[in-house]
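The values are calculated or read from the model by the stated rules, or taken from the named source; none is laboratory data. This one's a predicted model, so the numbers in the text were calculated from it and none came from an experiment. With ligands, DNA and RNA removed, areas are computed over all heavy atoms of the protein, side chains included. Shrake-Rupley method; radii C 1.70, N 1.55, O 1.52, S 1.80 Å.
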Amino acid sequence: MAEHGTVEYATAEGNDYPTHEQSYERFVHFTFVGLIHVVNLLFGLAVGGVMGHWFWALLVFIIAVLGVIPGFVSGSRTSSILAFVLCFLIFAFNGLS
């Protein structure tokens, strides 16, 4: 049977809490960058498929890809946020015109 005593994480051997936190941070980063990329692709589909501006949609797709690659590789969210802002501005410009 398993022992049901108290668990002391600070003194336990093989405590991998820093590794767990690092894995969690990478998961959150991957989720954030992936979600922003999906939203950018939806902006492109809305601009092209709904509004009929396929040239602008192609530009949105290119910006989305150029924003997601450095986001995954470098670990920075700046490129994804910049790509989101540019894609949103293209979406808003085409929606208002």
Gained length - Tyr17 relative to Arg77, 0.36 nm times residue gap less alpha-carbon distance: 19.2 nm
Exposure of Ser74 as accessible area (Å², to 10), given a probe of 1.4 Å and all protein chains: 80
Average accessible surface area per residue within the chain, 1.4 Å rolling probe, Å²: 73
Heavy-atom accessible surface of the chain: percent carbon and sulfur, 1.4 Å: 71
Counting all C-alpha pairs of the chain, share separated by more than 19 Å (%): 54
